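Worksheet: the structure to be examined is printed underneath.
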Amino acid sequence: MCRMIAFSSSEPRDVAPYLASLARFCESGNLVAGWEKRPGGNHPDGWGVAWRAGDEIRMVKSGKPAASDPLLSGMSAVTDRFIGHVRYASNPETVSAANSHPFQALGVTLAHNGTFYGKIGAEGDARKVSDTVVFLELLEDRWAERTLAGLSETLRGMLSDRDLVGEYSAANLLIATGNELFAFRRFQRNGEYYTLYLKSGEGLTVVASQPLDAEAGWRLLADGELVELSQVAPRSVLLTLPA
């Protein structure tokens, strides 16, 4: 269970407001009925951020609660591409910087809200890594055409393979390459929790698990909607996936 943020901007901008939103999500991110709040906040089990710096994607990750971690409060960066993630771990024994999202594999950076089962989950358990790491490695290998259409076909193939992903809870994804940033919402249950909202205008497109403010303009992505985050006019496609 996680909360996520990403933005794509026409001009580099300070990430400080988005770090503050991650800290707020750590303390009081939305939980659905029956999911208890833990000491330290609703999503206290580590955090991570990734941003573009020149031709590189840099990352900082921690296994501590974002709301109280001096590493996060002391961070500074200016960028035109950003991903942030806080988590509420299903297994507290996995809480560490190494197991915090986002993850990287050969030029692809990915953050995930949800849990995969099937072969991916089994391999993650065997290797003692996150199921998201295994999913990312397969995604990077299969995603030959690094475009919206190419990603759409790759995700459709992977998520339609129940032997591969099992009865996964959700595949809410933030995916970055060197030049592109994508957001995807897909849930199998608890749709009121596995949310992604989009807001675009004035050279900035933001996607987040929850609206970052009370201003108008946020819209909830549809189930199965994949969006290429553009500073001007985000493009989206709706993936047809098995129920």
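Applying the condition of being part of a loop (DSSP other than H, G, I, E, B) and closer than 17 Å to residue 13 by Cβ to the stretch 32-85 and asking which residue is modelled with the lowest pLDDT yields 54. So is residue 81 out of contact with any helix residue (DSSP H, G or I) (no Cβ under 6 Å at 6 or more places or on another chain) and among the charged types (D, E, K, R) or not? Taking the combined requirement at face value, the residue satisfies it. Of the strands (runs of 3 or more DSSP E) that lie entirely inside the stretch 159-216, those containing 2 or more residues that are of a type in the set (A, V, I, L, M, F, W, C) and either modelled with pLDDT of 95 or more or farther than 21 Å from residue 2 by Cβ (or both) span 172-176, 181-185, 204-208. Of the residues 173, 159, 151, 155, the single one that is farther than 28 Å from residue 32 by Cα and in contact (Cβ under 8 Å) with a residue 24 or more places away in the chain is 151.
Right, residue 193: touching a Pro at 6+ places or on another chain (Cβ under 6 Å) and more than 25 Å from residue 123 (Cα to Cα) or not? Criteria not met by residue 193. For the stretch 116-154, the set of residues classified as in a loop (DSSP other than H, G, I, E, B), of a type in the set (Val, Ile, Thr) and within 19 Å of residue 61 (Cβ to Cβ) consists of 129 only.
For the stretch 80-104, filtering for residues that are of a type in the set (Ser, Thr, Tyr) and out of contact with any Ser or Thr (no Cβ under 8 Å at 6 or more places or on another chain) leaves 2.
Output the residues belonging to the stretch 93-124 that are crowded, with 16+ Cβ neighbours inside 10 Å, of a type in the set (Gly, Ala, Ser) and under 21 Å from residue 65 (Cα atoms). Within the stretch 93-124, 100, 111, 114 meet the criteria. Would a scan of the stretch 131-140 turn up a residue that is surrounded by fewer than 20 Cβ atoms within 10 Å (Cβ to Cβ) and under 15 Å from the mean Cα position of the chain (by Cα)? Yes. Of the residues 156, 146, 127, which is surrounded by 14 or more Cβ atoms within 10 Å (Cβ to Cβ) and at pLDDT below 95? Exactly one residue qualifies, and that residue is 146. Within the stretch 38-57, residues that are without any contact (Cβ under 8 Å) to a residue 40 or more places away in the chain have Cβ atoms under 6 Å from residues that are assigned to a loop (DSSP other than H, G, I, E, B) in these pairs: 40/65; 41/65; 41/67; 51/77, counting only partners at least 6 apart in sequence or on another chain.
The values are calculated or read from the model by the stated rules, or taken from the named source; none is laboratory data. Note that the coordinates shown come from a computational prediction; the quantities given were computed from them, not determined experimentally. Glycine gets a Cβ as well: all are built from the backbone with ideal geometry, and neighbour counts include every protein chain shown.
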